[in-house]
Amino acid sequence: MRLSQIRLLVKDFQKSVAFYRDVMEIPMGFVAEEMQFASFNTGETKIEIFSRNSMAEVIDENYFPAGAETQSKFLLTFAADEVDEVCARLKDKGVVLLNEPHDRQAWNARVAHLRDPDGNVIELYKHPL
């Protein structure tokens, strides 16, 4: 596996996109308004912005009102050649997955999610499908 992007799970998608695009002047790579997702080109590792509520739906995290600090705010994404095989190895080591490997057609990727010991969300993905 290799770290491929750092995803910030944000409360205000539009405000965050404007900050990284206009204030920090990081070139936009891709934006999907309907998914509340944006990617910025920072070199080999990307910065991505994704709405907290959208990610909460993906990992079946209970909805928390805007401003609640219990909702995930950060996600590390690792590219894997075989998401299913990596998940099987992790499960053998006692890792509990938030969701089993599955295809997300809107993302054109196969993904699975888990948490580290401090509760941070980790995404494993293979792109494209």
When the chain is reduced to its Cα atoms, the Kirkwood hydrodynamic radius in Å: 15.2
Would you list Lys73, Lys15, Lys93 from fewest to most Cβ contacts within 10 Å? Lys93, Lys15, Lys73
Across region 31-39, in residue order, what do the Karplus-derived ³J(HN,Hα) couplings come to in whole Hz, using 6.51 cos²θ - 1.76 cosθ + 1.60 with θ = phi - 60° and x for Gly and Pro? 9, 10, 4, 5, 9, 6, 9, 9, 10
Whether region 10-51 is rounded, prolate or oblate, judged on the alpha carbon gyration tensor where a/c under 1.5 counts as rounded: oblate
Can you return the aspartates and glutamates within cross-link range of Lys15? Criterion is Cα-Cα under 16 Å, with same-chain partners fewer than 8 residues away left out. Glu25, Glu33, Glu34, Glu48
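Every number in this text was worked out from the coordinates using simple rules, so none of it is lab data. These numbers come from a predicted model, not from an experiment. Because the Cβ atoms are built from the backbone with ideal geometry, glycine has one as well, and the counts that use them run over all protein chains shown.
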